[in-house]
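Only one structure is covered here, and it is reproduced in the block below.
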Amino acid sequence: MSLRLLVVEGNTATDRARHAGSRGATPSQAYAEVLRDLAPDAVVDIAFPADPGANLPDSGGLAGYDGVALTGSSLNLYDMTPEIRAQIDLARAVFASGTPVFGSCWGLQVLTAAAGGVVRRNPKGREMGFARKIVPTEAGHSHPMLAGRPAAFDAPAVHQDEVETLAPGTTLLASNAMSDVQAVEIRVGAATAWAVQYHPEFSLAEVAAIGRAIGPRLTEEGFFEDAAAVARWSADLVALDADPANRTIAWRHGLDGELLDTGRRRTEIANWIAAMVRPTRSARGRG
């Protein structure tokens, strides 16, 4: 019997179309492909809670899934629009179902809010391209989500917001200089969520596409001198995505195996499937 996984898209329909135009796929489509790569026996559904009138599963329907993954988003949680409140409600239903859940970036923030924490605009500014020198906490060193990660590592990241106040039941697993909260485990009753502020599901080409899409904003914020610099950076990442063994480009941008190797880049999601999704599926009598 196949694994049943659900990807919850964090974006509105307008933003999904924009992402598809710049990246060739919506975040949920790309995330679903990653899950299928990591679990070839998986059937992956996609939900769009930001869409008005979306037919969303309740806790009973969510219990029929073996795992739920929450994508990133262009939204800001503190705006508390109807689209955002619908996602928080769905996250609470996931917790109520007891189904293992994993959140990337916005997914971490939504799960935090659903469990009673607070998200803010990061006073240090945007973390763009790669989160550098992520360091596991004492709890993180022995946590199965970070199994295989070194004492410090880099990961794809694009975000302006961060967790300001951890939700009750949260264990902090990793931090870096930009955000104290880079990885967490959240327990709500019998439910457990693993979540990260970075994007282990992203390829280098996806990071490059996001950079191109928001290039003018990045130039205004001082990440790049001009549009030509954005284009050069993006081209380098696309080339490195196609040829991770290109040491010249990797050296130029300070990228090591944690970013260049696809399997190592996806460590947290692979660990979630192995340590949470499959055991829960077995415990529920699904083989």
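Throughout, read-outs are computed from the coordinates displayed, never taken from laboratory work. The structure displayed is predicted, hence computed values, not measured ones. Reconstructed Cβ throughout: ideal geometry from the backbone, glycine too, with neighbour counts over all protein chains shown.
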The chain, relative contact order [Cα under 8 Å, separation at least 6], %: 17
If each K or R counts +1 and each D or E counts -1, the residues other than LEU146 whose Cβ falls under 15 Å of its Cβ total 0
Provide the per-residue ³J(HN,Hα) series for region 5-15, in order, calculated from phi with Karplus coefficients 6.51, -1.76, 1.60 and θ = phi - 60°, each as a whole number of Hz, with x at glycine and proline positions. 10, 10, 9, 9, 6, x, 9, 6, 4, 4, 5
Solvent-free Debye scattering, log10 I(q)/I(0), computed from the Cα coordinates of region 131-287 at q = 0.13, 0.17, 0.20 Å⁻¹: -0.69, -1.05, -1.29
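FRET efficiency for TRP251 and GLU220, Cβ-Cβ distance as r, R0 = 35 Å, nearest 0.05?
Numbers: r = 28 Å, r/R0 = 0.81.
Taking R0 as 35 Å, the efficiency between TRP251 and GLU220 is 0.80.
Given axes a ≥ b ≥ c from the Cα gyration tensor, I'd like to know whether region 1-78 is rounded (a/c under 1.5), prolate (a/b larger than b/c) or oblate. Write down the numbers at each step before the final one.
Values: a/c = 2.33, a/b = 1.29, b/c = 1.81.
In terms of gyration-tensor shape, oblate.
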What net charge do the residues around LEU259 carry, taking every other residue with its C-beta under 15 Å from that of LEU259, with Lys and Arg at +1 and Asp and Glu at -1? -3
Return the tail of the calculated pair distribution for region 204-257, meaning the percent of Cα-Cα pairs more than 18 Å apart. 30
For region 86-187, evaluate the Debye formula with one uniform point scatterer on each Cα (no solvent term) and list log10 I(q)/I(0) at q = 0.11, 0.23, 0.24 Å⁻¹, rounded to two decimals. -0.32, -1.31, -1.39
Using 20 Å as the cut-off for backbone N distance, which residues of region 223-260 belong to the label zone defined by a point 7 Å from the Cα of LYS124 along Cα→Cβ? 223-224, 254-256, 259
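In deg cm²/dmol, rounded to 500, what helix-only [θ] at 222 nm does the chain give when every DSSP H run of at least 4 residues adds -39500 (n - 2.57) and the total is split over its residues? Could you put the intermediate results ahead of the total?
Numbers: 14 runs with 115 residues, N = 287.
The helix-only estimate for the chain comes to -11000 deg cm²/dmol at 222 nm.
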Phi to ³J(HN,Hα) by Karplus 6.51 cos²θ - 1.76 cosθ + 1.60 over region 24-29, Hz, x for Gly, Pro: x, 6, 6, x, 5, 5
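Could you grab the Rg to Rh ratio for the chain? Cα atoms only, Kirkwood for Rh. Display every interim value, and only then the final one.
Numbers: Rg = 17.9 Å, Rh = 19.0 Å.
We get a ratio of 0.94 for the chain.
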May I ask you to derive the FRET efficiency for MET80 and ALA239 from their Cβ-Cβ distance with R0 = 45 Å, giving the value to the nearest 0.05? 0.65
In terms of modelled amide H atoms, which long-range or inter-chain residues lie less than 5 Å from the amide H of ALA183? LEU173, ALA174, GLN197
Amide H within-cut-off set for ALA191, under 5 Å, with H built and near neighbours excluded: none
What number, in percent, do you get for the relative contact order of region 75-224 if the mean sequence gap of Cα pairs under 8 Å and at least 6 apart is divided by its residue count? 27
Residue by residue through region 264-275, what is 3J(HN,Hα) from phi via Karplus (6.51 cos²θ - 1.76 cosθ + 1.60, θ = phi - 60°)? Round to whole Hz and write x for glycine and proline. 5, 5, 9, 3, 5, 6, 4, 5, 4, 5, 6, 9
Determine the relative contact order of region 195-270: mean sequence separation of Cα pairs under 8 Å and six or more apart, normalised by residue count, in whole percent. 35
